[in-house]
Amino acid sequence: MAFENCTGLTTVTIPGYVGEIGFKCFSDCSGLRSIYLLSTTILFLKKDSQVFHNVDTSNCILYVVQGTKKEYQLSSQWKEFQHIVEIDSIWFRVLIVLNLFSHSPFSNLFYNFRLFVRSCISLTLMQDSFLSQFF
């Protein structure tokens, strides 16, 4: 229930060391639009935990490490997400480093840089999508 009812929460980054997400952690976070999962293995959701209750999983993008998309699509716990996107591991490494420094005296600088990196990821994905139409 850590972020339950946080309707203003739009993006969340879950570090690779997190093994599972607990009961109603993001329940009723109706503004949630993107989730970055930094783990190289599939993240476990507690059974019947309503982790993403009332989250619009048809509009929320799940960003996962390259090579794990199929696992998430086949998982009974994550298959509700209609948009699962693999990200090259270099982008995830950058996000991991930025998360490590998020509680430093320079946290505002790292926060702004993390937003910049997420924008770069989005632009890269749009470019790849656009180019795939022609090649």
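Observations, loosely collected:
- Cβ crowding within 10 Å averaged over residues, with 11-24, 57-70 ranked highest first: 57-70, 11-24
- Close amide-amide hydrogen proximity is noted between His83 and Leu62, each under 5 Å apart and 5 or more residues distant or on a separate chain (H modeled in the peptide plane; Pro and chain starts excluded).
- Computed label-point distance, nm, for sites Leu9 and Arg33 using a 7 Å Cα→Cβ extension: 1.7
A short reminder: the numbers here are calculations on the coordinates, not readings from a lab. Predicted model only: the values in this text are computed from it and were never measured. Cβ atoms come from the backbone with ideal geometry, glycine included; neighbour counts cover every protein chain shown.
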